[in-house]
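Values quoted throughout were computed directly from the atomic coordinates according to the rules given, and no laboratory measurement underlies them. In this text, all values refer to a predicted model and were calculated from it rather than measured experimentally. Ideal geometry is used to build each Cβ from the backbone, glycine not excepted, and the neighbour counts take in all protein chains shown.
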Amino acid sequence: MQELLSHFRLCGTPLSCERYGEGHINRTYLVTTDRQRYILQRLSRAAFADIPGLMENVEAVTSYLAARNADPRASLHLVPTREGGSWYRDEEGEFWRVYDFIEDSLCLQKPESPADFYESAVAFGGFQRQLRDFPAETLHETIPNFHNTPDRYRKFHGALAADPLGRAREVRPEIDFYLAHEAEGARLQSLRESGALPLRVTHNDTKLNNVMLDAKTRKALCVIDLDTVMPGLAAYDFGDSIRFGASTGAEDETDLDKIQLDLSLFDIYSRGFVSACGVMAEEELMSLPLGAKLMTLECGLRFLTDYLEGDHYFAVARPTHNLDRTRTQMKLVREMERHWGAMKDIVGRCRI
Ligand code: ADP
Ligand code: GN1
Ligand code: MG
């Protein structure tokens, strides 16, 4: 690690480097020097085919945001390598990057209060507003078809047909659930392709643990994990936040009785997101509940696909981890079906 860190322009002498955070994709470390703290990350080559392109996106977005915000904690800040680049490739071909550690901040796995969740909505809605005039066509598509649900279904069918570990027969009810929802899963993609919904620069991975709050004021500071910033729909960002943050249980909870959709959290997030995002056309506003349902459906489908393929994509801590995650997402989809009318009413009331 000393050798690796020597390639970055750190302030001070490194004292420690420990695994950090609960991300599923990159490998994250907290680096402490005698002067300050940093986040070191090894980027996932399984997830990202073009890491130099991804890093161009991150450089462009972070410098765009930094130029428009006086507060240094209002965006991520990359630490350059000795050569002045934003990433380093080691002898094994792994890609590494370093960020300043955002100090005096909180990164939550679960909202500790409705106000925390509201602030995360302000952060993600504000992110879309701040990037409204960003030249979207300059962004690399870091994971093609990331929220293209019909494409996720194609990959699922491929995994099901190959069934390399013979796991399909143990998960028949889960497979049937996804097959029954396949037609509905295509609705957002159809709206995107028909041009009915505007393309924006979106974050695409709006989990609560991808937002930083100020530890004292608990106000939104910035959003992190910019690896999937790409042109997309507001419904993706809204939906993924609801999927993760408006559930009463953790994404990998094994007791499904603990998984419900918390409608008051749904209400709070809707208000924060829409007010920070700015005026939306009626069609876009009313696509938000569909975003919540389809992002939840899609994420569960991705967990199930990874389970069938042998857990190569999402980090797992136990053999059934991806299957447990699939089941919480299925339960949440059912919850959304139960509360569908209320979800639409809530979003309708957020109209500016
Ligand atoms: P992944 O793609 O694996 O989710 P993230 O970029 O989200 O990786 O980082 C994982 C975790 O590391 C975050 O959830 C957060 O807790 C922490 N983290 C990342 N960047 C910073 C930063 N600049 N300052 C403080 N904590 C950070
Ligand atoms: C991954 O990187 P992280 O842990 O914030 C994934 C998201 C999933 C999420 C499920 C690049 O997010 O798409 O919704 O896990 N990110 C990528 O927890 O695939
Ligand atoms: Mg993350």
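Before moving on, here are some points about what is shown:
- Each part reduced to its alpha carbon centroid, region 202-223 and region 6-77 end up 16 Å apart.
- Choice from Ala168, Ala183, Ala276 showing the highest fluctuation, given a GNM over the chain with Cα pairs closer than 10 Å: Ala183
- A cut-off of 5 Å between modelled amide H atoms, ignoring neighbours fewer than 5 places along the same chain, links Val79 with Val98, Tyr99, Asp100.
- The chain, helix-only ellipticity at 222 nm - DSSP H runs n ≥ 4, -39,500 (n - 2.57), divided by all residues, nearest 500: -13500 deg cm²/dmol
- Point-to-point label distance, Ile352-Leu15, nm (Cα→Cβ direction, 7 Å offset): 4.6 nm
- From most to least packed by mean Cβ count within 10 Å, the peptides 7-16, 228-237, 33-42 give 228-237, 33-42, 7-16.
- Dividing the mean sequence gap of close Cα pairs (under 8 Å, 6+ apart) by how many residues the chain holds gives a relative contact order of 19 percent.
- Modelled label positions at Ala183 and Asn148, each set 7 Å beyond Cα in the direction of Cβ, lie 2.3 nm from each other.
- Residue-count net charge about Pro319 - beta-carbon cut-off 12 Å; Lys, Arg +1, Asp, Glu -1: -1
- When each of Lys258/Lys293; Lys207/Lys344; Lys155/Lys219 is checked by Cα-Cα distance, pairs over 29 Å: Lys155/Lys219
- Whole-Hz couplings from phi, Karplus 6.51/-1.76/1.60, listed for region 258-265; x for Gly and Pro: 7, 9, 9, 8, 8, 5, 6, 5
- Size of region 2-102: Rg and Dmax of its alpha carbons, in Å, are 13.3, 39.
- q = 0.07, 0.11, 0.16 Å⁻¹, the chain: log10 I(q)/I(0) [Debye, one scatterer per Cα]: -0.29, -0.74, -1.55
- Max mean-square fluctuation residue, GNM over the chain, Cα-Cα springs under 10 Å, options Glu137, Glu119, Glu284: Glu137
- Computed from Cα atoms alone, the Kirkwood hydrodynamic radius reported for region 87-244 is 18.2 Å.
- Mean separation of Cα contacts under 8 Å, 6 or more apart, over the residue count of region 247-352: relative contact order %: 44 percent
- Net +/- balance of residues flanking Ile102 in space, Cβ distance below 10 Å, scoring K and R +1, D and E -1: -2
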